[in-house]
Amino acid sequence: MSILQRLLLISASFLLPISVLLYFAIDGIQDRIDFAELEKQGNIYQRPLEKILKSLLIHKNAASAVLAGDNASSIIIAKEQSALDSALRTLESLDKLETRGRIGVLSPTTALQTSEIVAMAVARGLRA
């Protein structure tokens, strides 16, 4: 066996593990890129959810105040009702655009009117 053949054999024996490591490195990088894209989509999707949660809490407190006799809080209820409607519409449009219907989070929720959702939330909050 000549020196050239030995060098080629040694080179070939190192080439296989290096190629496998390169494949796994590139695959790992692609996984992190995919995860980052999903994180960005989740952040966009979460913003309206946070607005809904905040509006529900304010609406619940205002509804409790109205039930306690403070009629001035009815203005806050109307304002939060429109904020809830807006956030739900935004969330529904994001569900259609960003996720292309894969998640379908809003499909059962959109059948309910916002007032029904708020009424259920207030009822649960008053019982707690």
Which percent of Cα pairs goes in each bin when the distances of the range 1-84 are cut into 5 angstrom slices starting at zero? 3, 12, 10, 9, 7, 6, 6, 6, 6, 5, 5, 4, 4, 4, 3, 3, 3, 2, 1, 1, 0
Given R₀ = 41 Å, FRET efficiency for residue 9-residue 35 by Cβ-Cβ distance, to 0.05? 0.50
For the residue pair residue 25 and residue 44, what label-to-label distance in nm results when each label sits 7 Å from Cα along the Cα-to-beta-carbon direction? 3.2 nm
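Values quoted throughout were computed directly from the atomic coordinates according to the rules given, and no laboratory measurement underlies them. Note that the coordinates shown come from a computational prediction; the quantities given were computed from them, not determined experimentally. Note: ideal-geometry Cβ built from the backbone for every residue, glycine included; neighbour counts use all protein chains shown.
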